[in-house]
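First comes the structure, then the notes that go with it.
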Amino acid sequence: MKGKLLSLQWWFLFLLYLNIFDILVTNPAYEANPLTLYLWGEIGIFLSGIFKIGLVLLFGGLYVSAKRLAKQTEWPFARELFRKMLVLLVAFYIFVVTWNLVLLVFSFSE
């Protein structure tokens, strides 16, 4: 059981690092997400980045709260649910960071 918990902690850290890397390599000229463009217009790019990092930290806080509040019979289901959400989010951010890097390389080659 200890290995699985450690594994989820690594997933959270990887998600946090990918989120930070996404913020660093995003090129505003090629952003296609309307929600991101709206946030940048309302609160700025810097605060929007802090907001995105805060959402990942909030998700980590929900995990810690669920771990403390879940009964012993409920925790295996909750842990598996969090693991699946983390895998999905990490896969999404790997795609987003890769796409941003491709756009960044092509914008420098022009």
Could you tell me which of the residues Ile45, Ile53 is modelled with pLDDT under 90 and surrounded by 11 or more Cβ atoms within 10 Å (Cβ to Cβ)? Ile45
Sort out which residues of segment 60-110 are of a type in the set (A, V, I, L, M, F, W, C), under 18 Å from Phe21 (Cα atoms) and within 12 Å of the chain's Cα centre (by Cα), and write them in order of number. Leu86, Val87, Leu88, Leu89, Val90, Ala91, Phe92, Ile94, Phe95, Val96, Val97
Just need a number here: residues in segment 56-110 that are farther than 27 Å from Thr26 by Cα and small (Gly, Ala, Ser). 4
Filtering segment 24-42 down to residues that are closer than 17 Å to Val102 by Cβ and either touching a Gly at 6+ places or on another chain (Cβ under 7 Å) or loosely packed, with under 14 Cβ neighbours inside 10 Å (or both) yields Leu24, Asn27, Pro28, Ala29, Tyr30, Ala32, Asn33
May I ask you to list the residues in segment 62-110 that are surrounded by 10 or more Cβ atoms within 10 Å (Cβ to Cβ) and of a type in the set (Gly, Ala, Ser)? Ser65, Ala66, Ala70, Ala78, Ala91, Ser107
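The values are calculated or read from the model by the stated rules, or taken from the named source; none is laboratory data. Since the structure is predicted, the reported quantities are computational estimates derived from the model, not experimental observations. Positions of Cβ are backbone-derived with ideal geometry, glycine not excepted, and every protein chain shown enters the neighbour counts.
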